[in-house]
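These notes are about the structure you will find just below.
The values are calculated or read from the model by the stated rules, or taken from the named source; none is laboratory data. Predicted, not measured: the structure shown is a model, and the values here were computed from it. Please note: Cβ atoms are built from the backbone with ideal geometry, for glycine as well, and neighbour counts cover all protein chains shown. Heads up: the accessible areas ignore ligands, DNA and RNA and are worked out on the full protein's heavy atoms, side chains in. Shrake-Rupley method; radii C 1.70, N 1.55, O 1.52, S 1.80 Å.
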Amino acid sequence: MPEKPSTAAVSKKVGGLLLAANVVKPEQYEAAMKEIEGTPDRVEDAIIALGFASEADILKTLAAHYQTNFVSSERLSRAEIARATLELLPRQ
């Protein structure tokens, strides 16, 4: 079974994607990385908390990178999903 990447490694990868997409500026990325240093927090959470980008902007960037569709939380909350489908999801 492959080893799970560390939070720091994931944060660097996500940060690199956000920098490349011009969602954040280099100094904002550095500030966010400094904010999470020594914590289990993720860089995208720090970027949102610091007001550098919105959750939607980050999720759109990640969706484009991974070639998936982006659905906003608002739209998803209005979606009608069958109970049988919801029961397939883990309750974590």
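Restricting to DSSP loop positions (anything but H, G, I, E, B) with no more than 15 other Cβ atoms inside 10 Å of their own Cβ, which GluC sites (Glu not before Pro) remain in the stretch 1-67? Numbers along the way, then the final one.
Numbers: sites: GLU3, GLU27, GLU30, GLU35, GLU37, GLU44, GLU55; in loops: GLU3, GLU37.
Of the GluC sites (Glu not before Pro), the ones in loops of the stretch 1-67 whose Cβ has at most 15 other Cβ atoms within 10 Å are GLU3, GLU37.
Can you give me the % of accessible surface on the stretch 2-92 that is carbon or sulfur? Probe 1.4 Å, all protein chains present, nothing else counted. Could you put the intermediate results ahead of the total?
Numbers: 3680 of 7100 Å².
With neighbouring chains kept in place, the figure for the stretch 2-92 is 52 percent.
On full extension of the chain, what length is gained from THR85 through MET33, given 0.36 nm per residue of separation minus the C-alpha to C-alpha distance?
On the way: separation 52, 0.36 × 52 = 18.72 nm, distance 3.75 nm.
Stretched fully, the THR85-MET33 segment lengthens by 15.0 nm.
Grab every C-alpha pair in the chain, bin the distances at 10 angstrom width from 0 up to the longest one, and report whole percents.
Percent of Cα pairs in each bin: 15, 37, 31, 15, 1.
Charges only on Cβ, +1 for Lys and Arg, -1 for Asp and Glu: so what's the dipole of the chain about the Cα centre, in debye to the nearest 20?
On the way: 11 positive and 13 negative charges, 58 e Å.
Charge dipole of the chain: 280 debye, to the nearest 20.
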